[in-house]
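What follows is a single structure, written as structure tokens, with notes after it.
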Amino acid sequence: MKEKRVFNSALEADFKEQLTKIIYNFDTIEGGEGNRNIIKIVTINELKLNIKAFKKPNAVNKIVYKFFRKSKAQRSYEYANKLLELNVGTPKPIAYFEYSSPFLFGKSFYVSEQVDCDLTYRELTKDFNIPNYDAILRAFTRFTYSLHQKNIHFLDHSPGNTLIKKVGEDYQFYLVDLNRMNFEPMDFETKIKNFSRLTIHKSMVEVMSDEYAKCSGEDYDKIFDLMWKETEAFQEKFHRKKRLKKKLLGKQ
């Protein structure tokens, strides 16, 4: 089995050695959460780390990731570095590991610093009594607008993928689950569609539309109509796939 290890250049040799041993013994470490991918939190030299073990790819992707496309771990690491270069919050990238045979890709790991946040965007969709709720949602919208201004198209812009941390009277946002991301100019429709996976609540779409209008100078009604249309379209697609999956499983 061939191994590829890429570390943050600032890491010392002893730290790299300890981390490598942890990756070798990942399956024996207690804890872990996730259905497809497994995340475990470990500490080395008082630094808390988040280790994400990606699910082994299917038969096709074992070939794709071996010869034609960067792995999810490598993309996560490289995109995290790119985000930090653009002054966008994300947990600091530490390393990534890949294992493969001569002809097939095997498993991979992405390691970053653990960010202990106060909440994620997901909590905003479930609890409307969170203190400073409106201010947080508007700050998140400004954060998303800043991504668009920097030509960052975060394809997995969904409720669990933005960590929120209160710092003084301000809020800091950290993107996670980074392996699907494009760095490219976007037209108006693409920018607004980027909000479509975030919520089912029209009240939240109204607030985000209002704040995005203030940031962009675009008409509120134009933004809201498109954002709500794309939100409904995503929800319909999501539930249609869910119904189809349930139907197929029921026949087995």
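Kindly establish whether Asp225 is loosely packed, with under 13 Cβ neighbours inside 10 Å, farther than 17 Å from Arg142 by Cβ, of a type outside the set (Ser, Thr, Tyr) and modelled with pLDDT of 95 or more. Taking the combined requirement at face value, the residue does not satisfy it. Checked against the criterion of being touching a residue at least 40 places away in the same chain (Cβ under 8 Å) and of a type in the set (Ser, Thr, Tyr), the candidates Tyr171, Tyr121, Tyr133 yield just one match: Tyr121.
Rundown of residues vs (1) surrounded by 15 or more Cβ atoms within 10 Å (Cβ to Cβ); (2) modelled with pLDDT under 95; (3) under 13 Å from the mean Cα position of the chain (by Cα); (4) under 25 Å from Lys202 (Cα atoms), yes/no style:
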position: Asp118; (1), (2), (3), (4): no, no, no, yes
position: Tyr145; (1), (2), (3), (4): yes, no, no, yes
position: His148; (1), (2), (3), (4): yes, no, no, yes
position: Phe154; (1), (2), (3), (4): yes, no, yes, yes
position: Pro159; (1), (2), (3), (4): yes, no, yes, yes
position: Thr162; (1), (2), (3), (4): yes, no, yes, yes
position: Asp170; (1), (2), (3), (4): no, yes, no, no
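Kindly evaluate Val176 against the criterion of being under 28 Å from Gln114 (Cβ atoms) and aliphatic (A, V, I, L, M).
Working: under 28 Å from Gln114 (Cβ atoms): yes; aliphatic (A, V, I, L, M): yes.
Criteria met by Val176.
Do we find a residue being among the polar types (S, T, N, Q), at negative phi and surrounded by 13 or more Cβ atoms within 10 Å (Cβ to Cβ) anywhere in segment 26-39? Looking through segment 26-39, at least one residue is among the polar types (S, T, N, Q), at negative phi and surrounded by 13 or more Cβ atoms within 10 Å (Cβ to Cβ). Against the conditions (1) in contact (Cβ under 8 Å) with a residue 12 or more places away in the chain; (2) under 20 Å from the mean Cα position of the chain (by Cα), Phe224 satisfies every one except (2). Of the strands (runs of 3 or more DSSP E) lying entirely inside segment 1-101, those carrying at least 1 residues that are within 30 Å of Thr141 (Cβ to Cβ) are 38-44, 47-54, 93-100.
The values are calculated or read from the model by the stated rules, or taken from the named source; none is laboratory data. From a predicted model like this one, the values you see are computed outputs, not experimental measurements. In this analysis, Cβ positions are derived from the backbone assuming ideal geometry, glycine residues included, and neighbour counts consider all displayed protein chains.
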